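In what follows, a single structure is set out as structure tokens and then discussed.
Any read-out appearing in this document is the output of simple, stated calculations on the displayed coordinates, not a laboratory observation. Only a predicted model underlies this, so the values are computations on that prediction, with no experimental measurement involved. Every residue, glycine among them, receives a Cβ derived from its backbone with ideal geometry; neighbour counts consider all protein chains shown.
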Amino acid sequence: MFVFSALLMKTVKWYNYQKGVGSDKKMLWGWGEETNKDLGPIFQHECDYCGSTGTWNLYIKRRWISIYFIPVIPYKKIYCAICPNCNSYIKFSKQEFKQMKLDIKSRV
Ligand SMILES: [Zn+2]
């Protein structure tokens, strides 16, 4: 009888564990959700990747920790210019980014 109930307890624990994993899945949280903020055109540039020449826009890329597919906490910020043709991008430092943002403002 004792062995049987011990076995039963084990089964219950295992069941709860499985249930726990299941409810974690239902939370649907994750990271890697990416948003792009367009700040306007900055220069004409020939893309190293696809070879086309076009007007590149300045962007802030943000990566988010998301819950239920809704971005909640940003954990990474990338300042960059994005190729209008193939979406590859050049990264900038914060300093370079600030300068370019000022350039855009002075042109408008
Ligand atoms: Zn390109």
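Looking at Tyr49, is it within 16 Å of the ligand (Cβ to nearest atom), of a type in the set (Phe, Trp, Tyr) and not in a strand (DSSP E or B)? Yes: the conditions hold for Tyr49. Here are Leu58, Leu102: which of them is more than 21 Å from Gly30 (Cβ to Cβ) and either part of a helix (DSSP H, G or I) or of a type in the set (Asp, Glu) (or both)? Residue meeting the stated conditions: Leu102. Out of region 34-71, which residues are of a type in the set (Lys, Arg) and over 16 Å from Lys94 (Cα atoms)? Within region 34-71, Arg63 is the sole residue that qualifies. Residues that are without any contact (Cβ under 8 Å) to a residue 24 or more places away in the chain and within 16 Å of the ligand (Cβ to nearest atom): does region 55-75 have at least one? No - not one qualifying residue is present in region 55-75. Within region 76-87, the only residue that satisfies the criterion of being surrounded by fewer than 13 Cβ atoms within 10 Å (Cβ to Cβ) and within 13 Å of the ligand (Cβ to nearest atom) is Asn87.
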